[in-house]
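Below is one structure, written out as C-alpha cells, with a few remarks after it.
The values are calculated or read from the model by the stated rules, or taken from the named source; none is laboratory data. A quick note: this is a predicted structure, and the numbers were derived from the prediction, not measured. Heads up, the Cβs are rebuilt from the backbone with ideal geometry, glycines too, and the neighbour counts pull from every protein chain shown. Remember, those area values only see protein heavy atoms, side chains included, never the ligands or the DNA or RNA. Shrake-Rupley method; radii C 1.70, N 1.55, O 1.52, S 1.80 Å.
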Amino acid sequence: MSTREKLEKIRSGELSAVENVRQTLERIEELNDDVNAFIEPNPDAVTEAEAVDKKIEEGEEVGKLAGLAIAVKTNINTKGLRATCASKTLENYVATYDAEAIKRVRSEDGIIIGVNNMDEFACGSSGETSAFGLTKNPAAKGRVPGGSSSGGGASVAAGMCDIALGTDTGGSIRNPASHCGVVGLKPTYGLVPRQGLIDLAMSFDQIGPLSPDVFSAALMMEVIAGKNPNECIMFDVDSVSYLDQLDGSLEGMKIGVSPKFRELTQPEIMKVIDQTVDELSGLGAEVVEVDLPNLEKAMPTYYLIVSVEFFSGTRKFDGRKYGQKIEEVCGDEVLRRILRGKHISRKEFKGKFYQRALQVRTLIKRELDEALKEADVLVGPTVPKLPHKIGTELTPGEMYAYDYFTVPTNLGGLCGGVIKAGEVKGIPVGLQVQGASLDESSVLKVMRALEAGG
C-alpha cells in the first residue's frame with residue numbers, strides 16, 4: 001500500500017490510525033533486533049493514534065499526515081523520547097521539548113513511531129559508529145545502510161515506518177537513501193527549521209525526509225518547510241505546494257551532467273546512472289554537459305569546516321549538564337573530528353586552514369550556481385562506490401569518499417534528492433538530483449518522472 005493509498009483509507013475510516021500504528025510497531029518488534037534501526041519506539045504512539053481516529057469519527061478535519069507512522073533521527077529533540085545522538089555522551093538524555101519540525105509533524109496528525117539509530121553525533125557514512133550498535137541494510141544483506149541517517153534509511157526500506165525524518169550535513173540523508181534503495185531529500189539550507197536539532201555542523205545541517213516514494217517526500221516537505229520566527233537564518237518562505245507541482249512533463253527541462261562524475265565513480269555504478277540519464281532524455285529532457293572544475297576540492301574543504309564547527313558545538317558536552325564528557329566516552333571518529341577541529345582552529349593557524357576553506361566554499365558555490373544557470377538540475381551518482389560489507393576495515397579517507405558527490409550540495413546550501421536508479425549485483429544504486437536554492441520542486445519533479453516511468 002502506497003502512502004497516498006494509506007492516507008485515503010485512514011481518512012475514509014477503512015483503515016484506522018491505530019491499526020496502522022499497531023502494524024508498524026509489530027513490524028519494528030519483529031525486525032529491529034536484527035536491523036537495529038530504532039533506539040526506542042514511542043510508548044504513546046497508540047494513544048496518539050486514537051486521538052486521530054476520534055477526530056475522524058467526529059467529522060473533524062485532520063492533518064496532512066493523519067495517522068502515518070513517522071520515525072525520527074535521535075539527534076532531533078522529540079519530547080519524552082531519548083535524544084542520544086547515538087552516543088554514550090547523551091545515553092540517558094530524554095528530550096524535554098519538541099523540535100520545531102516535530103511540532104509541525106504533530107500539528108498535521110503525524111504519529112511519532114520512535115527514534116532512529118544513527119552514526120554517533122552524525123560522524124560517519126556507514127551506520128557503524130553508533131554506541132547502540134550498527135544498523136544493517138535490509139535492501140543489501142550483509143552490507144552497511146549508509147549514514148549518518150542509517151536508521152531512517154533502513155526503517156523505510158524495511159517497512160518499519162511510513163516516513164522518516166533524518167538530517168543531512170554532507171550527504172547523511174542521500175547516502176543511506178542510495179544504499180537502501182529509498183527516496184531521500186536534503187532541503188535548501190534555511191528552508192526547514194533547525195530549532196531543536198543537535199547538529200553536527202551549524203552551517204550545513206538540514207532536516208529532511210527519507211521515504212518509500214516521491215509523493216511521501218513532497219508531502220513531508222509541505223509539512224516541515226517554511227520560516228520559523230524564532231530562527232534568524234531562514235528564508236522568508238511561508239509554505240510551498242510541492243504536491244501540486246509534482247507531476248508533469250520534462251519537456252523543455254535541461255539536465256546537467258558533469259564528466260567529473262565518470263572519472264570518480266565505479267564503472268558498474270556509472271553504467272546504471274548512464275541508463276537513467278538516457279531515460280530522462282527519453283522523457284523529454286535535454287541532457288547538457290556542465291563544468292565543475294573544482295569538484296575535487298569539495299571533500300577537503302567540507303571536512304575542514306565541519307571539524308571546526310563540530311569542535312565548537314561540542315564544547316557544551318563537558319559532563320556538567322548533559323550526560324558525560326564527550327571526549328571520555330565517544331568513539332574514534334567523533335574524537336578524530338574534535339581533535340582535528342581543535343588543531344586547525346588554533347590561533348597560530350589563523351588564515352591557513354579554516355579561512356581558506358571558507359574561500360573555497362564560496363568558489364564551489366559559485367560554480368554550482370553557474371552550472372544551474374545552464375541546467376535546471378544536475379544529475380549523477382549519489383556515491384562513487386557500492387556500500388561495503390559490514391565489518392570491513394576502512395581508512396578515514398576511504399570512508400569519507402562516500403560523500404564525494406553529496407558534500408558540494410551542502411557547501412552551496414542547495415537542495416538535492418535521491419531516487420533508486422537500479423541495482424548492481426542486487427545492491428541499490430541511487431541517482432542524485434541537485435537543484436538550485438529553493439528549487440525543490442524541480443528536483444522532486446525529475447524524481448517523480450523517473451518513478452512513474454513517464
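Some observations on this one:
- Scope the stretch 364-393; condition closer than 21 Å to Ser148 by Cβ and free of Cβ contacts under 8 Å to residues at least 40 places away in the same chain; matching residues: Gly391, Thr392, Glu393
Table: residues versus (1) open to solvent by 10 Å² or more (accessible area, probe 1.4 Å); (2) under 27 Å from Ser130 (Cα atoms).
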residue: Leu363; (1), (2): yes, no
residue: Leu378; (1), (2): no, no
residue: Pro387; (1), (2): no, yes
residue: Met399; (1), (2): yes, yes
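Let's see how each residue does on (1) modelled with pLDDT under 95; (2) not in a loop (DSSP other than H, G, I, E, B):
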site: Asp238; (1), (2): yes, no
site: Lys260; (1), (2): yes, yes
site: Glu268; (1), (2): no, yes
site: Asp274; (1), (2): no, yes
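- Filter result (part of a strand (DSSP E or B) and either among the small types (Gly, Ala, Ser) or not assigned by the TED database to the domain that holds Ile163 (or both)) within the stretch 67-109: Ala69, Ala71
Yes/no per residue for (1) assigned by the TED database to the domain that holds Gly380; (2) over 30 Å from Met253 (Cβ atoms); (3) assigned to a loop (DSSP other than H, G, I, E, B):
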| site | (1), (2), (3) |
| --- | --- |
| Glu309 | no, yes, no |
| Gly323 | no, yes, yes |
| Thr362 | yes, no, no |
| Glu367 | yes, no, no |
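- Candidate set: the stretch 409-454, residues that are among the charged types (D, E, K, R) and part of a strand (DSSP E or B); chosen: the one surrounded by the most Cβ atoms within 10 Å (Cβ to Cβ): Lys420
- The stretch 161-178, residues that are under 28 Å from Arg22 (Cα atoms), in a helix (DSSP H, G or I) and not aliphatic (A, V, I, L, M): Pro176
- Output for the stretch 234-254, where each listed residue is more than 25 Å from Met220 (Cβ to Cβ) and either surrounded by 14 or more Cβ atoms within 10 Å (Cβ to Cβ) or under 22 Å from the mean Cα position of the chain (by Cα) (or both): Lys254
- Any hit, the stretch 25-43, residues being modelled with pLDDT of 95 or more, in a strand (DSSP E or B) and farther than 30 Å from Lys389 by Cα: no
Residues checked against (1) touching a residue at least 40 places away in the same chain (Cβ under 8 Å); (2) open to solvent by 10 Å² or more (accessible area, probe 1.4 Å):
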position: Tyr93; (1), (2): yes, yes
position: Glu120; (1), (2): yes, no
position: Ser130; (1), (2): yes, yes
position: Thr135; (1), (2): yes, no
position: Lys141; (1), (2): no, yes
position: Gly147; (1), (2): no, no
position: Gly152; (1), (2): yes, no
position: Met160; (1), (2): yes, no
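- Residue within the stretch 346-360 that is within 27 Å of Val192 (Cβ to Cβ), touching a Gly at 6+ places or on another chain (Cβ under 9 Å) and open to solvent by less than 60 Å² (accessible area, probe 1.4 Å) present: no
- Within the stretch 206-221, tally of residues that are of a type outside the set (A, V, I, L, M, F, W, C) and either open to solvent by 10 Å² or more (accessible area, probe 1.4 Å) or in contact with a Leu (Cβ under 6 Å, 6 or more places away or on another chain) (or both): 4
- Selection status of Leu304, crowded, with 17+ Cβ neighbours inside 10 Å, touching a strand residue (DSSP E or B) at 6+ places or on another chain (Cβ under 7 Å), part of a helix (DSSP H, G or I) and at pLDDT 95 or above: no
- Residue in the stretch 187-201 that is part of a strand (DSSP E or B), more than 11 Å from the chain's Cα centre (by Cα) and within 30 Å of Leu368 (Cα to Cα) present: yes
- Restricting the first member to the stretch 162-180 and to residues that are within 17 Å of Phe204 (Cβ to Cβ) and open to solvent by less than 10 Å² (accessible area, probe 1.4 Å), and the second to residues that are modelled with pLDDT of 95 or more and acidic (Asp, Glu), the beta-carbon pairs closer than 6 Å and six or more apart or on different chains are Thr167/Asp205; Thr169/Asp205; Gly170/Asp403; Gly171/Asp403.
- The single condition from (1) on the phi < 0 side of the Ramachandran plot; (2) assigned by the TED database to the domain that holds Pro259 that Arg336 fails is (2).
- Within the stretch 257-279, none of the residues are touching a helix residue (DSSP H, G or I) at 6+ places or on another chain (Cβ under 7 Å), open to solvent by 60 Å² or more (accessible area, probe 1.4 Å), in contact (Cβ under 8 Å) with a residue 24 or more places away in the chain and not assigned by the TED database to the domain that holds Val424.
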